[in-house]
Amino acid sequence: MGIPLLLPLLVTLQLFTASSPAVASSSHISVVISQSGLDFAKDLLLSRAVATLTPLNVPDIERTMSIPLVGTVRMAASGIVLNGLAVTNSTVAVGDTGVVVAASLASANLTMEWNYSYSAWIVTISDRGNASIQVEGMEVGVSMVMKNQNGSIKLSVTECSCYMEDLDITLNGGASWFYQVFIDSFSNHIRSAVENAIKNKVMEGALKLDSFLGNLPKKIDLDSVAAMNVTFVNHPLFKSSSVEFDIDGLFIPSDETAPRDMLLGDTQFALPLGSSSRMLWISLDEDVFNSVSALYFKAGLLQRMVDKVTEQFLLNTASWRFLVPRLYREYPDDDMLLNISAVSPPFVRINVGRIDATVDLDVTVNVLDFGEIVPVACISVSVAVSGAAAVSENNLVGRVELDYFSFTLKWSKVGKLHTSLVQTVLRILLKKLFVPYVNSYLEQGFQLPIIKGFSVIDAYVLTSYSRMIVSCNVAFTEPEVLSPVQESKTNEDLSHEVSLLVGSAKTWQPVISSVKFL
């Protein structure tokens, strides 16, 4: 009974025990683990399981049996220890409500002590020795169900099996007549004891994994103002070769507690990934970005007082004496300050091959008159920028460039302003100050919902209608999270036939494509 038979049996069992699908709610970030990602997780967990399984102490076994010409013999196998395991083949399959992992072990080595005693007339005869056991053809399988419980992922085991094909017991010491008797009497008991011990250890590991998943943070702090709500919404969605996890994804105030379980509506964002070889696909709705801009606006952080620009002479009334004579007459040779503030939250729009944003600003012109700040005019400016996104370490970062702007004079205490000069000053201000200031924040970015101990590698950023998609591999980097460390496993190339993921990252293309952000 190998993996080809064991795996379908476990999947079939899961189909019979699957509950009806849960009602779903809308999420703003979906994380899809593809088949290659599941294989990566399976290999990592198996390496951990093998390391924790050995050495494995198996309970002692005692038997009493009657042997012709000898009488009643008391036999015991003690100190049974599983010392070595070697995995030759493993696989992971997706069921309706969870995953099934099956592993084939090339060999397993055990050692033990044995003893026997029996009475012959008035004399008690006993002997003892040690033994080595070679196990051939061991199969282990576990079926796990994952559900959303209070905004966290709850993992439970529905079936765990262990099967040994053959035991080869070699006894050292003792009388030769005892060997076959012991093997005949104890082989099945040893087999059963080892199988149960392995299953118990697997169940213990599953409980630790469930605890790890249950303790994942509910929010990721961006700074003292905003935090991403990473509460899970809906039950995981299991497909033929992928698993989708939906999370809230919107930014909330850092001091706010993330809401608990949400099970409403009926939506799903991520479609089957087909032949894609990337481990992970993270899809972010444009609402994620708009939620953080709304928080910053509400906190009053989208404003800045400007007293220095590259063309510093423009911030003195002397430069305006011929264009705005009244300004110079009332405030001769006075320095000027510009108060730039957003009048509404910036709005982000994501389309095929484009990331655009608009923001409406008030630029208030102030004069520094004998140490007093005096407002003299206000200009309403509408700014449009476009940009691209990339992944740096585990952060989603970006840059923007100025597309265009328009302006109107909102009010003035010094008469009309010269349109062409205002336009020149605003262009300098926006290109040399506003855009670099915005980019200084975008280049820091925010953390993607990646579990601590793992890092994003080989990342691509794609854009679709209202969504940004990050496709990537992952590497295991922190041994304290799951030990021992397994070497990072990646896949080679990104499939160019992903029918649902469209757009590009740096060179915009309004076609179905995948472009690496350089």
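The values are calculated or read from the model by the stated rules, or taken from the named source; none is laboratory data. Please read all numbers here as calculations on a predicted model, not as lab measurements. Cβ atoms come from the backbone with ideal geometry, glycine included; neighbour counts cover every protein chain shown. All accessible areas refer to the heavy atoms of the entire protein, side chains included, with ligands and DNA or RNA removed. Shrake-Rupley method; radii C 1.70, N 1.55, O 1.52, S 1.80 Å.
Here region 54-215 is assigned +1 on the Cβ of each Lys and Arg and -1 on the Cβ of each Asp and Glu. Its dipole about the Cα centre then comes out at about 400 debye. In this structure, the pairs whose alpha-carbon distance is over 25 Å, taken from LYS154/LYS298; LYS154/LYS219; LYS154/LYS452; LYS298/LYS416; LYS42/LYS239, are LYS154/LYS298; LYS298/LYS416.
Find the Rg to Rh ratio for region 357-440, where Rh is the Kirkwood radius over alpha-carbon pairs and Rg uses the same atoms. Numbers along the way, then the final one.
Numbers: Rg = 16.0 Å, Rh = 14.6 Å.
Ratio value, two decimals: 1.09.
Each residue was assigned an accessible area with a 1.4 Å probe, and for VAL70 the value is about 40 Å². Among residues other than MET203 with Cβ under 14 Å from its Cβ, the summed charge is -1 (Lys and Arg +1, Asp and Glu -1). The alpha-carbon of LYS432 sits under 19 angstrom from the alpha-carbons of these lysines, leaving out residues fewer than 8 places away in its chain: LYS308.
Rolling a 1.4 Å probe over the protein chains gives TRP411 an accessible area of about 90 Å². Counting only heavy atoms of the protein chains and using a 1.4 Å probe, ARG354 has close to 90 Å² of accessible surface.
How do 74-83, 463-472 rank on mean C-beta neighbours within 10 Å, highest first?
463-472, 74-83
Figure note: GLU195, GLU330, GLU244 ranked by solvent-accessible area, largest first, 1.4 Å probe, ligands and nucleic acids not counted: GLU330, GLU195, GLU244.
Rolling a 1.4 Å probe over the protein heavy atoms of region 147-212, with every protein chain left in place, gives an accessible area that is 46 percent carbon and sulfur. Bin all alpha-carbon pair distances of region 54-215 at 10 Å intervals from 0 and give each bin's fraction as a whole percent. With 10 Å bins starting at 0, P(r) equals 9, 32, 25, 17, 10, 5, 1, 0.
Given a Förster distance of 41 Å, report the FRET efficiency between ASP403 and GLU136 from their Cβ-Cβ distance, rounded to the nearest 0.05.
0.05
Around the amide H of PHE454, modelled in the peptide plane, lie the amide H atoms of THR477, all under 5 Å away and 5 or more residues distant in sequence or on another chain. Accessible surface computed residue by residue for region 84-159, with neighbouring protein chains in place and a 1.4 Å probe, gives 41 Å² per residue. Seen from ILE428, the other residues with C-beta closer than 14 Å to its C-beta sum to a net charge of +3, counting Lys and Arg as +1 and Asp and Glu as -1.
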